[in-house]
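Q: Here's a structure for you.
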Amino acid sequence: MKIVNDRKLKILAAVVDEYIRTGEPVGSKVISQLADIKVSAATVRNDMASLEQMGYLEQPHTSAGRIPTFSGYRLYIDELMTMTALSDEEKSKLDSMLGGKDTPEELLVQNAAAALTELTQCAAVVTNSVPRFSVISKVEVIPTGKRLYVILLITSSGNIKNKACRLEFDLNHEQLEFFTHYIEENLSGISVDELSEEMLDKMVAAVSAYMVSLSPLVKGICELSEDLRQQELTVSGGEKLLSCDELDKMEVVRFIERKDGLSEILENTFSGIQVKFGHENNSFAIGNSSLIVSKYRKDGKEAGSLGIIGPMRVDYKKIIPYVEYLTQKISYLMSGEDETTITGSVEIIDPQP
């Protein structure tokens, strides 16, 4: 960080707050009239010019006012921002939108995303690893045509995967019974998260020793297992991004269609609230955007991510507590943890190396 004195930092924070509130370039006169800025408009103007030279502010077009750059936002979020605590009324509203302990886990996450979209008017992003923590409850092999078989895999969380496999010849009753019994014996009750490549390779070898033509069925189960272990990524409320004048419409359309760069960013997200900007990630499709995201957990393990995507000019003081409260509440409901662990404190993690 460039060396900035306390007065300039206070002015920078005031400019960001005012710009977030109004969406208009901020002039020195407006800042000088704030109660906690005790210097003249001329001094503010000089300090704003210095902040512009340092790269924290910029002057759009010929306007006399200035707006924050993404470096200004970064400094504001990491060092200057004072968080707004959620009121008891706001927490109660979030609780009612989320659901209680009897709400299915996947629905909890969906409800949280819907709540964020409604409250922030931004798009919500969710990665869900919950299926990884369920166990395999049933595996069936169903003949559907000449030499064609469908593998049906069902987990305890209700997740259903299927895959069609074509064999070299039709299986007789004895062969199909052997395979079904072997799979049930080795996979039933096994956690999806425990399905290692080594374990599945041993199964392929064992089945192939009995009849090599059965190996495509085991390989099909391997592929289904890999699908279950992958995080499911969803973005809801994409229309909020399309209606935002501060974002490039074509970039938003490309992002909604392909979610370019988002999976990679979320995979590299650590614990704690993180704020990332499109300018900081070349792989991310939307340039003038911000991503506010946090992890939620189940039984001490990371179970997914929840957050919002919007323009850089969002109300961080309000949105960050929403994201933090919802991820902590989901973790509590999924794990049955003591609700006193929902502290309301926010730790901002700087993604910069």
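The values are calculated or read from the model by the stated rules, or taken from the named source; none is laboratory data. Owing to the predicted nature of the structure, the values given are computational and were not obtained by experimental measurement. Neighbour counts run over all protein chains shown; Cβ positions are idealised from the backbone, glycine included. Side chains included, ligands, DNA and RNA excluded: accessible areas come from the protein's heavy atoms. Shrake-Rupley method; radii C 1.70, N 1.55, O 1.52, S 1.80 Å.
Q: Under 1.5 on a/c is rounded, so check that first for the stretch 1-86, then, if it is not, pick prolate when a/b is larger than b/c and oblate when it is not; a ≥ b ≥ c are the square roots of the alpha carbon gyration tensor eigenvalues.
A: In terms of gyration-tensor shape, rounded.
Q: Now a separate question. Can I get the semi-axes of the stretch 104-196's equivalent ellipsoid? Compute them from the C-alpha gyration tensor as square roots of 5 times the eigenvalues, in angstrom, largest first.
A: Taking √(5λ) for each Cα gyration eigenvalue gives 37, 16, 9 Å.
Q: List the residues whose amide H sits under 5 Å from the amide H of residue 297, counting only those 5 or more places along or on another chain, with H placed 1.01 Å from N in the peptide plane.
A: Sorted by chain and number, the residues that satisfy this are 303, 331.
Q: Starting from the 7 Å offset along Cα-to-Cβ, what nm value, one decimal, do you get for the label separation of residue 160 and residue 82?
A: 5.5
Q: Using Cα pairs under 8 angstrom and six or more residues apart, how large is the relative contact order of the stretch 43-110, in percent?
A: 16
Q: Separate question: Could you tell me how many degrees, from 0 to 90 and to the nearest 10, lie between the Cα long axis of helix 215-229 and the main elongation axis, the longest principal axis, of the Cα atoms of the chain?
A: Tilt of helix 215-229: around 20 degrees.
Q: Further, regarding this structure: Can you give the relative contact order of the stretch 1-75 as a percent, counting alpha carbon pairs under 8 Å and 6+ residues apart?
A: 34
Q: Run the reach check for residue 146 against aspartates and glutamates, Cα to Cα strictly under 15 Å, same-chain hits fewer than 8 apart removed. What comes back?
A: Filter leaves 168, 170.
Q: Sticking with this structure for a sec: Could I get the Rg over Rh figure for the chain? Both from C-alpha atoms, Rh via Kirkwood, rounded to two places.
A: Reported Rg/Rh (Cα atoms, Kirkwood Rh): 1.12.
Q: Which order do 295, 317, 301, 101 take when ranked by solvent-accessible area (1.4 Å probe, heavy atoms of all protein chains), largest first?
A: In descending accessible area the options line up as 101, 301, 317, 295.
Q: I'd like the FRET efficiency for residue 243 and residue 135, computed as 1/(1 + (r/R0)^6) with the beta carbon distance as r and R0 of 51 Å, rounded to 0.05.
A: Working from the Cβ atoms, E equals 0.75.
Q: Once Lys and Arg get +1 and Asp and Glu get -1 on their Cβ, which of 73, 316, 274 lies farthest toward the positive end of the dipole of the chain?
A: So the residue furthest toward the plus end is 73.
Q: In addition: How much accessible area per residue does the stretch 1-156 have, counting only protein heavy atoms and a probe of 1.4 Å, in square angstrom?
A: About 50 Å² of surface per residue is accessible.
Q: Which value, in debye to the nearest 20, gives the size of the charge dipole of the stretch 123-196 about its Cα centre, when Lys and Arg are +1 and Asp and Glu are -1 at the Cβ?
A: 400
Q: Springs between alpha-carbon atoms under 10 Å, Gaussian network over the chain: tell me which of 125, 39, 235 tops the mean-square fluctuations.
A: Comparing 125, 39, 235 in a Gaussian network model of the chain, the most mobile one is 39.
Q: Using just the alpha carbons, could you tell me how many Å³ per residue the convex hull of the stretch 138-236 encloses?
A: 105
Q: Counting pairs of alpha carbon atoms under 8 Å apart in space and at least six apart in sequence, what relative contact order in percent does the stretch 20-154 give?
A: Here the relative contact order equals 12 percent.
Q: While we're on this one: Show 166, 7, 74 ordered by accessible area, largest first, where the area counts protein heavy atoms only and the probe is 1.4 Å.
A: The most accessible residue leads, giving 166, 7, 74.
Q: Just to make sure I understand: if all protein chains stay in place, what is the order of 173, 61, 279, 181 by accessible area at 1.4 Å, largest first?
A: Largest to smallest exposure gives the sequence 61, 173, 181, 279.
Q: Along the charge dipole of the chain, pointing to its positive end and built from +1/-1 on Cβ of Lys, Arg, Asp and Glu, which listed residue (109, 151, 137) has its Cα farthest out?
A: It is 109.
Q: Still on this structure: Roughly how many Å is it from the Cα centre of the stretch 7-56 to that of the stretch 156-190, as a whole number?
A: 67
Q: Could you work out [θ]222 nm for the chain from helices alone, using -39500 (n - 2.57) per DSSP H run of at least four and dividing by all its residues? Round to the nearest 500 deg cm²/dmol.
A: -13500 deg cm²/dmol
Q: Just the number, please: carbon plus sulfur as a percent of the accessible area of the chain, 1.4 Å probe, no ligands or DNA/RNA counted.
A: 48
Q: Still on this structure, please answer the following. Using +1 at the Cβ of each Lys and Arg and -1 at the Cβ of each Asp and Glu in the stretch 86-225, identify which of 224, 208, 167 lies farthest towards the dipole's positive end.
A: In the stretch 86-225, that residue is 167.
Q: If you fit an axis through the alpha-carbon atoms of helix 197-210 and take the longest principal axis of the Cα set of the chain, what angle between them do you get, 0 to 90°, nearest 10?
A: 20
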